[in-house]
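The values are calculated or read from the model by the stated rules, or taken from the named source; none is laboratory data. As the structure is a computational prediction, the values presented were derived from the model and not from experiment. Ideal geometry is used to build each Cβ from the backbone, glycine not excepted, and the neighbour counts take in all protein chains shown. In case anyone asks, the SASA skips ligands and DNA or RNA and just uses the protein heavy atoms, side chains included. Shrake-Rupley method; radii C 1.70, N 1.55, O 1.52, S 1.80 Å.
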Amino acid sequence: MGEYQHPLTFGVVIAQHQYTWPELVSQWKLAEEFGFDSIWLFDHFMALYADPDGPCLETSTLLAALAQETSRAKIGVLVYGNTHRHPAVLAKEIVTVDHISNGRAILGIGAGWNRRSNAANGFPSPS
């Protein structure tokens, strides 16, 4: 009989607002060392907390880079805003990250609710 794998997993969101690249790498590596099963970013173009004009790296390119800095945990975005990218572009991005991460990418998609960010980037805001 094979190894039993419990269906319960634990993940952590280490969102990229107010973090520099070296800080994010450190936090993601630490999360993997602690044994989290998944590590997640968010899909906002502006920081949500503290300084709204503070650092906030772009999600898809950041996810691809962090895939190279981790090796075991599943990785993903909680969640991609469905107004931010054409669906075909998003699909291609996730497939690319999945290849880079050796099959660890998870796609989460949501409404894209942040009106300030949407307006600043020319995205529609759903009602």
*Between helix 59-69 and the chain: long-axis angle, C-alpha atoms, 0 to 90°, nearest 10*: 30 degrees
*Taking 0.36 nm per residue of separation and subtracting the Cα-Cα distance, what length does fully extending GLN5 through ALA65 add?*
18.7 nm
*Would you mind checking which residues have amide H under 5 Å from ALA47's amide H? H placed 1.01 Å from N; only 5 or more apart, or other chain.*
GLY54
*Just the number, please: carbon plus sulfur as a percent of the accessible area of the chain, 1.4 Å probe, no ligands or DNA/RNA counted.*
59 percent
*Counting Lys and Arg as +1 and Asp and Glu as -1, each charge on the Cβ, what is the dipole of the chain about the Cα centre in debye, to the nearest 20?*
340 debye
*Could you run the Karplus curve 6.51 cos²θ - 1.76 cosθ + 1.60 with θ = phi - 60° over the stretch 76-81 and give me ³J(HN,Hα) per residue in whole Hz, x for Gly and Pro?*
x, 10, 10, 10, 5, x
*Accessible area per residue, 1.4 Å probe, Å², for the chain: what's the number?*
59 Å²
*Set the Förster distance to 30 Å, then compute FRET efficiency between ASN121 and VAL95 from the Cβ-Cβ distance, nearest 0.05.*
0.80
*Rel. contact order, % - alpha carbon contacts under 8 angstrom, at least six apart, the chain*: 22 percent
*Run through all the Cα pairs of the stretch 74-127 and give the fraction in each 5 Å bin from 0, expressed as whole percent.*
5, 20, 25, 21, 15, 9, 5, 0
*Give a residue-ordered list of calculated ³J(HN,Hα) values for the stretch 14-20 (Karplus: 6.51 cos²θ - 1.76 cosθ + 1.60, θ = phi - 60°; whole Hz; x for Gly, Pro).*
10, 5, 8, 6, 6, 10, 8
*Note down, for the chain, the three equivalent ellipsoid semi-axes (square root of 5 times each alpha carbon gyration tensor eigenvalue), biggest first, whole angstrom.*
26, 17, 13
